[in-house]
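All remarks here apply to the structure that follows.
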Amino acid sequence: MPTDKYISPLSERYASSEMQYIFSQDKKFTTWRRLWIALAETEMELGLSRDGKPVITQEMIDELKSHQDEINYDVARAREKEVRHDVMSHVYAYGKQCPKAAGIIHLGATSCYVGDNTDIIVMREALRLVQKKLVSVIDELGRFAEKYKALPTLAFTHFQPAQPTTVGKRATLWTQEFAMDLEDLEYVLNSLKLLGSKGTTGTQASFQELFDGDQETIDKIDPMIASKMGFVSCYPVSGQTYSRKVDTRVCNILAGIAASAHKMSNDIRLLQHLKEVEEPFEKNQIGSSAMAYKRNPMRSERIASLSRYVMIDALNPAITSATQWFERTLDDSANKRLSIPEAFLAIDGVLDLCLNVVDGLVVNEKVIYKRLMSELPFMATENIMMDAVKAGGNRQELHERIRELSMEAAAHVKRDGMDNDLLELIAADDMFDLSIEDLKKTMDPSKYVGRAPLQTEQFIAGVVDPIRASHREMLGASAEINV
């Protein structure tokens with residue numbers, strides 16, 4: 001690896017080799033060649049001829065196919081230095097390998113035929129990889145939620161102690177957001193179409209010339225190319241390019257996944273601060289160069305960091321789409337080369353980290369129980385009050401007294417650093433006529449989690465299991481964590 005020039009951290013540290021290949025030069029230029037072959041085959045099959053003789057022969061097609069994966073980069077690069085045009089440089093390089101077919105490569109097409117169609121093909125493959133990893137994240141979170149569906153834990157609103165929930169129920173909140181992302185992803189994925197071959201301003205004027213104005217034949221070109229490239233159809237109209245709204249839709253999907261991952265990672269970071277739940281920490285991992293005892297949630301922090309990048313990056317295609325002039329302008333090109341691949345590389349790293357973290361989450365049940373029990377007496381006051389009313393007390397008088405005792409216990413905790421002694425204060429008050437033993441019977445945390453265990457079971461059965469069933473072949477994606 002070269003050490004004397006910049007290398008993107010996305011490729012060096014974060015993205016998987018699989019995602020990197022999808023956006024590689026090899027993938028790009030072999031796809032260009034597949035598109036040139038599809039165009040030539042279509043023109044041949046539609047009977048393109050001159051003076052009664054076929055313009056394109058099977059021999060030419062066979063020659064093109066024989067060199068489809070042999071990209072002669074040296075020839076293309078040398079040519080590009082001369083002509084300053086990447087597509088024409090690769091047309092030239094391909095022609096050098098295929099002298100019989102050299103004259104018909106790119107016939108009737110404009111640069112966007114290979115550039116834009118390849119972008120769509122590459123984004124579709126990248127979305128499929130994202131889909132696979134997202135399904136596995138949902139699956140892993142479902143397993144975690146099932147395991148801890150009944151484990152009571154202190155819930156928070158405003159990060160202040162609130163009515164208890166369960167560890168598993170909290171995980172369903174994360175899972176539900178990822179499930180919403182999957183639904184959005186699959187809608188966009190299934191709606192992707194090719195640009196097709198529509199010419200310099202989208203009018204197919206070149207094909208009108210090639211096929212002597214035969215509209216019925218020209219109408220067959222895009223559907224045939226789409227079929228050869230594995231698509232159902234092409235966008236019905238375009239300028240020179242496909243609408244940049246497509247890039248906006250794709251990046252918004254990635255930004256949505258990033259937001260879900262960011263939220264989950266923030267919760268885990270806060271829980272790790274509370275020592276309740278921790279991300280996996282390897283035997284030889286170093287948490288701090290100075291503080292040897294530290295166990296920083298560095299993977300969750302990295303999820304948040306990369307997710308923030310993806311969310312902000314989604315602005316690029318939105319602004320690009322908004323500022324395209326008429327049938328095309330070229331200020332999209334340099335931006336697309338950066339914003340689209342890097343959004344995918346970053347979200348790929350995010351999902352790998354999510355898989356790694358969720359698969360190894362450590363739940364410290366005793367810490368969870370201790371914190372919950374330190375707050376539970378406050379949350380049990382309504383039940384305690386009802387028991388005292390049953391024993392003959394006055395509800396309004398008991399409510400006021402329990403409010404006063406709660407304030408006193410809170411002061412003991414916050415001002416004096418004492419443990420929560422609310423139960424002892426209530427037991428010592430004659431108004432309640434309840435012993436400390438009676439009061440402790442109300443301290444079963446499972447009484448205060450409401451329907452959380454059942455909600456978790458229903459969520460897994462109603463949401464997670466159907467995703468597992470319909471994506472069975474995608475389950476089990478492994479995480480490739482480089483650092």
Nearest 10 degrees, 0 to 90: helix 25-45 Cα axis against the chain principal axis: 50
Is the shape of region 1-133 best called rounded, prolate or oblate, per the rule: a/c under 1.5 gives rounded, else a/b larger than b/c gives prolate, else oblate, with a ≥ b ≥ c the square roots of the Cα gyration tensor eigenvalues? prolate
In terms of modelled amide H atoms, which long-range or inter-chain residues lie less than 5 Å from the amide H of ALA155? ALA162, THR165
Rounded tilt (10° steps) of 245-273 against the dominant C-alpha axis of the chain: 30
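Report, in listed order, any pair from LYS390/LYS447; LYS193/LYS228; LYS149/LYS370; LYS81/LYS245; LYS53/LYS228 with a Cα-Cα distance greater than 21 Å.
Going by Cα-Cα distance, LYS81/LYS245; LYS53/LYS228 fall outside the 21 Å limit.
Please give the contour-minus-distance gain from ARG13 to ASP69: 0.36 nm per residue of separation, less the Cα-Cα distance, rounded to one decimal in nm.
Answer, rounded to one decimal: 17.3 nm.
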Please get the size of the charge dipole for region 15-107, origin at its Cα centre, with Cβ charges of +1 on Lys and Arg and -1 on Asp and Glu, quoted in debye to the nearest 20. 280
Would you mind checking the tilt of helix 333-359 against the longest principal axis of the Cα atoms of the chain, expressed as 0 to 90 degrees and rounded to 10? 40
Quick one: compute a quarter of the convex hull surface over the Cα atoms of region 368-448 and quote it in nm². 5.1
Rounded to two decimals, the Debye log10 I(q)/I(0) of region 51-113 (Cα scatterers, no solvent) at q = 0.21, 0.23, 0.27, 0.28 Å⁻¹ is -0.86, -0.99, -1.20, -1.24
Report, in deg cm²/dmol and to the nearest 500, the calculated mean residue ellipticity at 222 nm for the chain, where each DSSP H run with n ≥ 4 adds -39500 (n - 2.57) and the sum is divided by the residue count. -19000 deg cm²/dmol
Could you work out how much longer the chain between LYS147 and VAL83 gets when fully extended? Use 0.36 nm per residue separation minus the Cα distance between them, nm to one decimal. 16.8 nm
About its Cα centre, what dipole magnitude does the chain give when the only charges are +1 on Lys and Arg Cβ and -1 on Asp and Glu Cβ, stated in debye to the nearest 20? 660
Evaluate E = 1/(1 + (r/R0)^6) for LYS100 and THR30, where r is the Cβ-Cβ distance and R0 equals 25 Å; express this FRET efficiency to the nearest 0.05. 0.80
One finds, for LYS263 and LYS53 with R0 = 60 angstrom and r their Cβ-Cβ distance, a FRET efficiency to the nearest 0.05 of 0.40
Any aspartates and glutamates with Cα under 16 Å of the LYS414 Cα? List them, leaving off those in the same chain fewer than 8 positions away. GLU375, GLU404
Two-decimal ratio, region 213-347, of alpha-carbon radius of gyration to 2.2 N^0.38 Å: 1.58
Can you give the extra length, in nm with one decimal, that the chain gains between GLU400 and GLU216 once fully stretched, where that is 0.36 nm per residue apart less the Cα-Cα distance? 57.7 nm
How high is the FRET efficiency between SER206 and PHE281 when r is their beta carbon distance and R₀ equals 60 Å, given to the nearest 0.05? 0.45
Chymotrypsin sites (Phe, Trp or Tyr not before Pro) lying in DSSP loop within region 324-432, provided at most 13 other Cβ fall within 10 Å: TRP325, PHE326
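Read-outs throughout are calculated quantities, based only on the coordinates presented, and are distinct from any laboratory measurement. Bear in mind the structure is a predicted one, so any value in this text is a computation, not a measurement. Neighbour counts run over all protein chains shown; Cβ positions are idealised from the backbone, glycine included.
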